[in-house]
Structures are given as C-alpha cells and as structure tokens.
Amino acid sequence: MLVALALVMRLAPAAFSGHGWDMYVWIKTTELFLQERLDIYSYPSIEGFPWGFYAYPPPWLYLLTMMKIIGALLGGEKWLMLLLFKAPVIILDVAVGLILLILARRSGIDEGRPFLIASLYLLNPIVAFISGVWGMFDPIPALFTILSAYFLCDKRFAAAGASLSVATAFKIYPGILLPAVWLYTSKIVGPRAAAKKVIAPFLVILLIVSAPFLANDPYQYAEKLFVHGSNVGQFTYWALVGVLIGREAMSMLGWGIFLVTLIALNPLFVGGFLYLYYCLDLLYCWLFVCVSL
C-alpha cells in the first residue's frame with residue numbers, strides 16, 4: 001500500500017510537469033549527443049547562468065539517451081518524453097524507501113519504526129516533488145549511496161566501494177563519503193586492504209564511465225563537473241539560511257552539520273532525524289506555496 005501510494009504521488013504529475021530549464025537541457029543534450037555526436041562537455045555555458053549547461057557525469061547522459069531512443073520509437077510526444085525521463089528516477093526513488101526499510105529492520109530498532117522511517121521518506125512532499133514534478137535525478141545517487149551502507153553492514157567492502165562509485169558517477173557529491181567508508185573498512189581489514197577493496201573499485205568505475213570524455217578534453221570535462229561546487233540550488237531551505245547568514249557562514253555551518261552527523265548519528269536517532277527533516281520539508285512546502293500565491 002505504501003509503495004503504491006508513493007508511486008501514485010510521483011507518477012500522477014510526471015507527464016505534465018517539469019522544471020523548464022532542466023527538461024530543456026535533458027532534451028537538447030540527447031539531441032546533440034545523438035544527432036551531432038557532440039562531446040556535451042565542450043558545449044559552451046550560458047553567460048550569467050550559474051548552473052552551466054549539462055554539468056553532470058556521463059551515466060545520466062547515457063540514461064537520458066536510452067530514454068530518448070525509446071521515446072522516439074513510441075512517437076516522441078512531449079508528455080511521453082517527460083514521463084520516460086522521470087520513470088527511472090521515480091522507480092529508484094521508491095527503491096530508496098525500501099532500502100531504508102530493510103536497513104532499519106536490520107539495525108534492530110523498535111518494531112514499527114522501520115515502517116515509519118520508510119514512510120517519512122516515501123511520503124515526503126519535497127522528495128516526491130523532485131522526482132515526480134521537477135524531474136531531477138538525485139534519487140539515483142541517493143539509492144546507490146544507501147546501498148553502499150547496506151553492503152558495509154554485510155562486510156561486502158568491494159561492493160560498498162563500487163556502489164558509492166556509481167552514486168558519484170551520477171552526481172559527484174556522494175564522493176565526499178569515500179574517506180568515511182575507507183576508514184570504517186580499515187578498522188576491520190587494515191588500511192592497505194581497505195584501499196584495494198574500497199578505493200580501487202571506486203576509482204576504476206569512475207575512470208571507465210569518464211574515459212571517452214577524459215580522452216577528448218579532460219579540462220573541459222573537469223570544469224563542467226565541478227561547476228556546482230560554486231553555487232547551491234534554490235529549492236531548499238538551506239538556500240534561505242545562506243541568504244540570512246551569508247555564503248561563507250553557510251559553508252562552515254554545512255560542513256559542521258555534516259561532520260557532527262557522521263560522528264553522532266546511529267540507528268537510535270535515525271527516526272528522530274528523519275522526522276525533523278520531514279517537518280522542515282512540510283514547512284518549506286507551505287512557505288513555497290504561500291510565496292507563489
């Protein structure tokens with residue numbers, strides 16, 4: 001029932017909505033890649049637009065291209081393309097909730113709380129909006145990042161490194177967790193073995209997916225991938241905090257929260273953190289609607 005409700009929340013608006021700029025970039029990118037065989041990372045950025053053009057690693061480009069080909073075979077209608085671009089994101093978004101459910105059950109927390117944790121994610125309005133309405137693909141790196149934690153719990157360290165690499169191959173920010181995964185593994189198998197089991201597969205996968213573009217123009221490739229390091233998206237309450245306290249202070253606050261969470265977070269607190277996150281998202285949705293009106 002929960003999965004069905006989560007799918008309906010995301011699929012109902014999927015074919016009739018989308019972020020105007022991002023949807024344009026997805027469509028234009030696949031056209032340039034398929035028809036002109038263009039290295040998309042050599043495509044010029046738009047002056048005055050801080051997000052560049054296509055500024056993500058190649059796997060999302062490959063997935064978009066596959067959806068574009070399927071859509072063309074089925075007629076290529078705009079609503080169909082919107083649905084196809086979002087379909088894998090929505091499916092994997094729901095999978096994130098299921099993995100959270102499995103991890104929570106394995107952690108041994110109170111009965112009933114695993115379902116609550118999954119529900120807080122799957123029914124989160126911001127999460128559903130991002131995948132079902134906006135069409136951004138953050139659920140994909142989120143899924144593989146959580147899978148990396150799942151493999152760590154099973155002591156499958158190579159799979160954990162590979163999974164984190166796949167996450168980073170879609171969006172680069174999960175890579176920040178590599179030192180934590182390596183340190184955790186080092187405590188069990190030693191630093192050298194941890195490097196072979198975690199860092200080696202992590203780097204190999206990234207090199208494989210990046211090879212065609214690194215060979216063509218490594219500077220342009222790196223420049224486009226790190227363009228998001230200089231700005232933050234606006235559809236988040238963190239952007240509002242940044243406006244109030246300034247970018248430098250916001251950067252320090254963000255890193256501080258990240259480090260404290262790494263140290264302090266454990267299964268006993270997971271439900272509380274997710275509940276707080278859920279309440280903040282509900283508040284932000286309410287503010288967003290009020291401002292829009």
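The values are calculated or read from the model by the stated rules, or taken from the named source; none is laboratory data. As the structure is a prediction and not an experimental result, all values here were calculated from the model. Glycine gets a Cβ as well: all are built from the backbone with ideal geometry, and neighbour counts include every protein chain shown.
Annotations for the structure displayed:
Let's see how each residue does on (1) closer than 19 Å to W60 by Cα; (2) among the basic types (K, R); (3) crowded, with 19+ Cβ neighbours inside 10 Å; (4) in the same structural domain as F137 (by TED's automatic domain parsing):
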| site | (1), (2), (3), (4) |
| --- | --- |
| L74 | no, no, no, yes |
| I90 | yes, no, yes, yes |
| L98 | no, no, no, yes |
| L101 | no, no, yes, yes |
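- Subset tally (residues that are exposed (fewer than 13 other Cβ atoms within 10 Å of the Cβ), within 30 Å of L122 (Cβ to Cβ), of a type outside the set (F, W, Y) and modelled with pLDDT under 85) for segment 8-59: 1
- Subset of segment 103-125 (residues that are surrounded by 19 or more Cβ atoms within 10 Å (Cβ to Cβ) and either in a helix (DSSP H, G or I) or at positive phi (or both)): L103, A104, P114, I117, A118, L120, Y121, L122
- Tallying residues that are exposed (fewer than 13 other Cβ atoms within 10 Å of the Cβ) and either under 24 Å from the mean Cα position of the chain (by Cα) or of a type in the set (A, V, I, L, M, F, W, C) (or both) within segment 76-88 yields 1.
- G135 passes every criterion in (1) surrounded by fewer than 19 Cβ atoms within 10 Å (Cβ to Cβ); (2) under 15 Å from the mean Cα position of the chain (by Cα) apart from (1).
- Residue, modelled with the lowest pLDDT, within segment 140-183, restricted to residues that are farther than 26 Å from L225 by Cβ and surrounded by fewer than 17 Cβ atoms within 10 Å (Cβ to Cβ): C153
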